[in-house]
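Since the structure comes first, as structure tokens, the remarks are kept for the end.
The values are calculated or read from the model by the stated rules, or taken from the named source; none is laboratory data. Everything numeric in this text was worked out from a predicted model, so none of it was measured. Don't worry about glycine lacking a Cβ; one is built from the backbone with ideal geometry, like all the others, and counts go over all protein chains shown. When the accessible area is computed, the model is the full protein with side chains, heavy atoms only, and any ligands, DNA or RNA have been set aside. Shrake-Rupley method; radii C 1.70, N 1.55, O 1.52, S 1.80 Å.
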Protein chains: 4
Amino acid sequence: MKVLVTGFDPFGGEKINPSIEAVKRLNDKIAGADIVKVEIPTVFYKSIRRLEKALDEEKPDIAICVGQAGGRSRISIERVAINISDGRIPDNEGNQPIDEVIFEEGDTAYFAKLPIKAMVKEMNKRNIPAEISNTAGTYVCNHLMYGLLYNIHKKYPNMKGGFIHIPFIPEQVIDKKGSPSMSLDLIVKGLTIAIETAIKYDEDIKEIGGEIH
Amino acid sequence: MKVLVTGFDPFGGEKINPSIEAVKRLNDKIAGADIVKVEIPTVFYKSIRRLEKALDEEKPDIAICVGQAGGRSRISIERVAINISDGRIPDNEGNQPIDEVIFEEGDTAYFAKLPIKAMVKEMNKRNIPAEISNTAGTYVCNHLMYGLLYNIHKKYPNMKGGFIHIPFIPEQVIDKKGSPSMSLDLIVKGLTIAIETAIKYDEDIKEIGGEIH
Amino acid sequence: MKVLVTGFDPFGGEKINPSIEAVKRLNDKIAGADIVKVEIPTVFYKSIRRLEKALDEEKPDIAICVGQAGGRSRISIERVAINISDGRIPDNEGNQPIDEVIFEEGDTAYFAKLPIKAMVKEMNKRNIPAEISNTAGTYVCNHLMYGLLYNIHKKYPNMKGGFIHIPFIPEQVIDKKGSPSMSLDLIVKGLTIAIETAIKYDEDIKEIGGEIH
Amino acid sequence: MKVLVTGFDPFGGEKINPSIEAVKRLNDKIAGADIVKVEIPTVFYKSIRRLEKALDEEKPDIAICVGQAGGRSRISIERVAINISDGRIPDNEGNQPIDEVIFEEGDTAYFAKLPIKAMVKEMNKRNIPAEISNTAGTYVCNHLMYGLLYNIHKKYPNMKGGFIHIPFIPEQVIDKKGSPSMSLDLIVKGLTIAIETAIKYDEDIKEIGGEIH
């Protein structure tokens, strides 16, 4: 079994991106599976092309992309990616698409192909604050998640895949009054549990975890 | 021109639902169009059937559903509805679906058929705090929005339609420490501007309004 | 009976200050009392001197200062003023004291001489979201509240007095994503009830309203 | 040099209190000083009596009380304690005083006798999110801080002392959607730096750290 895990490079003025830092610290074997780690540029389309190259070369059984969600207090497993890019800020190469479709021939949205409720439950059971998120935004994170699921639907029907957002780490919030953070150790532990769960569960569990709005 | 506007009955232990209160206070004519107002039960599927009946009887040019998003501080125009119901709490008849598809033959998601950026811009221009939202949740609000857009896609290709979430009104937050609210007057003014804008704009404008996550 | 009510001029880059806007809109008579309105500059010490002049000229029975607390969602009645100035930003004349005592011969703090619990209860009863606050900050609002109570303790032992913080109004938060606001009408109604209550109650009521931290 | 550090037992339905957990994990020597650790009951007055016993027996040079501030995202050094108890919830023995003076012969408030700005700066410098807080609330934390500073002012004029609030730890927020947390390791590291700084600095530094409200 092989699991591809990706993290992003820093963006939006940050010096580090905890997603690639956490991915780098993952063990090379989790629950018997080989973990392949790839860094993704925070750039529209270039991010997807880098991912496609890795999917093609590695042919993983599971692909999980990880990104920074500054301001969130928990690890959040994304439920859905939508076929639109709408940049609040430019990406790392200055692109700022406004309401542009990602792939013309793609569906309006794709749901994560991961046992998202089980992943949240297992993390919570081991004291890692986690939750389902119903929006990955409209920036490069959603863009990459959409690109991953588009590829899975078009080319890799047996592959599982999805996206995990993680909070800022403490050193990033020193100058951000009021912003929550999570230690890198806890994030790495949470991602490890999430990956284990993605390996173990072929079907998701029925568990309350929706949002009223 | 005819505009159908719907609001919900109270749910989740609340005595009132500001969405139907606001809808009732709208003028019967806005920008020359007839405004038809319908109250929707906060019940999975029954809500959609009530809406379908109104669409069938009234054949409106535009249909806008309004719902309460307690805890939000601004009027939010929803961008997308997803094909899933995942109830955090039971609806008003005790149904609590977990991760159930709404319409088997529907798309994974539908984007609002409204000039959402223009609606936000016009409200903000007239001092009504407004924003785009990228998730309508997974409860009856998303369910109804999905049902509306499903009907538009399948039966009424020329109809515009979408969903607007509004904050609690002040009387609802007396016992909710920390929760923001918006006065009913301001909400009614905001909805009026939103409806005017939906009438006037056939194409949306290009305007920054996305989210990083 | 005479009640002095003060509001501040704009500061911190804002074009308006809702405190003086709300004060200006108060009736000239509330519960039979004459309402005298004074605008205060957002400047350390100059603010207190302007207040002292008004206290001396008007000899009010009650003095209530009102200030803007951007980011709060409710009207808050301040419980205590502390003998320190610690400016996060410069005042309107460029002064930025760091940890400086306000009056060397003053107490470390003074409690509001107002029926604060009754004021909150009466506002809430009439659907105005209100609460007790245990800190007025360390900027010009706390400074003026301290100056008022210092004067009451030293020169006007029979005068009642204190401070009320109010939220941003909607037009101020258009560009402040996530910030709550309150309509000016509701603020004016709230202040009116607060003033009536200050006139009617000589003793405060026993009512839960503390904070764990 | 001897430093007394106290933590509380659990209250408000929590199974643990991170304050005593963190205090227990402190080294027995910090910056050459002996660290004496005491657990305090979350009970009005009994808490102060337990502290007074420890002050009397140990005669520390510095006394720092630590408490849980659930919902805050940073370690916060309290600036001031006020002479009032106003319980939002009952304490661990069912007492719920409303607006009661703590010590009749005490001042209205006491400022912390600690280099609070230096403590925040040193923690931030080493990537521990920290800030000044201007209110310790009106519950047992403020009560104990007031009791400590009252004793310092009346009996131990050369003793330094104050109060530090810490966030929930991750395991406490599993069921508290939206609440931030901080890992126990980081809290212990933060407290260690805070204690070192309290030992090293006899005078506080001039550093921006106030609040507008």
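Kindly identify residues of segment C:111-146 having a loss of at least 20 Å² in accessible area between the isolated chain and the assembly of all protein chains, probe radius 1.4 Å. Residues meeting the cut-off: C:PHE111, C:LYS117, C:ASN124, C:ASN127, C:PRO129, C:GLU131, C:ASN134, C:THR135, C:GLY137, C:THR138, C:TYR139.
Accessible surface computed residue by residue for segment B:9-82, with neighbouring protein chains in place and a 1.4 Å probe, gives 37 Å² per residue. The amide H of C:GLY161, built 1.01 Å from its N in the peptide plane, has C:ALA63, C:LYS113, C:LEU114 as neighbours under 5 Å, considering only residues 5 or more places off or on other chains.
Per residue, the average separation of C-alpha pairs within less than 8 Å and at least 6 apart gives segment B:2-200 a relative contact order of 28 percent.
Electrostatic bookkeeping for B:ILE174 treats Lys and Arg as +1 and Asp and Glu as -1; over the other residues with beta carbon under 13 Å from its beta carbon, the sum is +2.
Interface burial in segment D:160-188, defined as at least 50 Å² less accessible area with all protein chains than with the chain alone at a 1.4 Å probe, covers D:ILE174, D:LYS177.
Take the Cα of B:LYS200, step 7 Å toward its Cβ, do the same at A:GLU100, and the gap between the two points is 2.9 nm. 3J(HN,Hα) couplings calculated from phi for segment A:118-130 with the Karplus curve 6.51 cos²θ - 1.76 cosθ + 1.60 (θ = phi - 60°) are, in sequence order, 5, 4, 5, 4, 5, 5, 4, 4, 9, 6, 9, x, 9 Hz; Gly and Pro show x. Extent along the principal axes, Cα only, for chain C: 44, 40, 37 Å, with the longest axis given first. For B:ALA31, the point set 7 Å out from Cα toward Cβ sits 4.7, 5.1, 6.5 nm from its twins in the other copies, listed from shortest up. Across segment C:62-73, rounded Karplus estimates of 3J(HN,Hα) from the backbone phi angles (6.51 cos²θ - 1.76 cosθ + 1.60, θ = phi - 60°) give 9, 10, 10, 9, 10, x, 8, 10, x, x, 7, 9 Hz, Gly and Pro being marked x.
Based on DSSP H segments of at least four residues, each scored -39500 (n - 2.57), the protein assembly as shown has a per-residue ellipticity at 222 nm of -9500 deg cm²/dmol.
Computed from the C-alpha gyration tensor, the three semi-axes of the ellipsoid equivalent to segment D:141-213 are 28, 16, 15 Å, from longest to shortest. Roughly speaking, to the nearest percent, how much of chain D's 1.4 Å accessible area is carbon and sulfur? Within chain D, the accessible surface is 47 percent carbon and sulfur. Here r is the Cβ-Cβ distance between C:LYS59 and A:ASP9 and R0 is 56 Å; the resulting FRET efficiency, rounded to 0.05, is 0.25.
Measuring nothing but alpha carbons in segment B:96-146 and taking Rh as the Kirkwood radius, the Rg to Rh ratio lands at 1.09. A 1.4 Å probe run over segment B:132-201, with the rest of the protein chains in place, finds 29 Å² accessible per residue. Buried area at the B:A interface is about 3300 square angstrom, summed over both chains, from accessible surfaces computed with a 1.4 angstrom probe.
At a Förster distance of 35 Å, what's the computed FRET efficiency of D:ASN27 paired with D:HIS153, Cβ-Cβ distance as r, to 0.05?
Values: r = 30 Å, r/R0 = 0.85.
Computed FRET efficiency for D:ASN27 and D:HIS153: 0.70.
For B:ASP34 and D:GLU207, FRET efficiency with R0 = 51 Å and r from the beta-carbon atoms, rounded to 0.05? After rounding to 0.05, the efficiency reads 0.20.
So, counting K/R as plus one and D/E as minus one, what does the shell of residues with Cβ under 9 Å around C:ILE132 add up to? Please list the in-between numbers first.
On the way: positive: C:ARG79, C:LYS117; negative: C:GLU78, C:GLU131, C:GLU211, D:ASP86.
Residues close to C:ILE132 contribute a combined charge of -2.
Summary for A:ASN95: label point 7 Å along Cα→Cβ; distances to the equivalent points in the other copies, ascending, 4.2, 5.4, 6.5 nm.
The modelled label-to-label distance between B:LYS177 and D:ILE89, using points 7 Å beyond Cα along the C-beta direction, is 1.0 nm.
The share of Cα pairs per 10 Å bin across segment D:109-183, counted from zero up to the longest distance, runs 16, 37, 34, 11, 1 percent. Taking Lys and Arg as +1 and Asp and Glu as -1, the other residues whose beta-carbon sits under 13 Å from that of D:LEU184 total -1. Check each of the trypsin sites (Lys or Arg not before Pro) in segment B:173-205 and keep only those in coil by DSSP with at most 12 other C-beta atoms within 10 angstrom; list them in order. Those satisfying the criteria are B:LYS177.
May I ask for the Kirkwood hydrodynamic radius of segment A:13-137, worked out over all distinct Cα pairs and given in angstroms to one decimal? Don't jump to the answer; show the numbers that get you there.
Working: mean 1/r = 0.0609 Å⁻¹.
Every distinct Cα pair counted, the radius reaches 16.4 Å.
The eigenvalues of the Cα gyration tensor, multiplied by 5 and square-rooted, give the protein assembly as shown an equivalent ellipsoid with semi-axes of 47, 37, 22 Å from largest to smallest. Remark on B:ARG74: its backbone amide H falls under 5 Å from none of the residues 5 or more positions apart or on other chains, H modelled at 1.01 Å from N.
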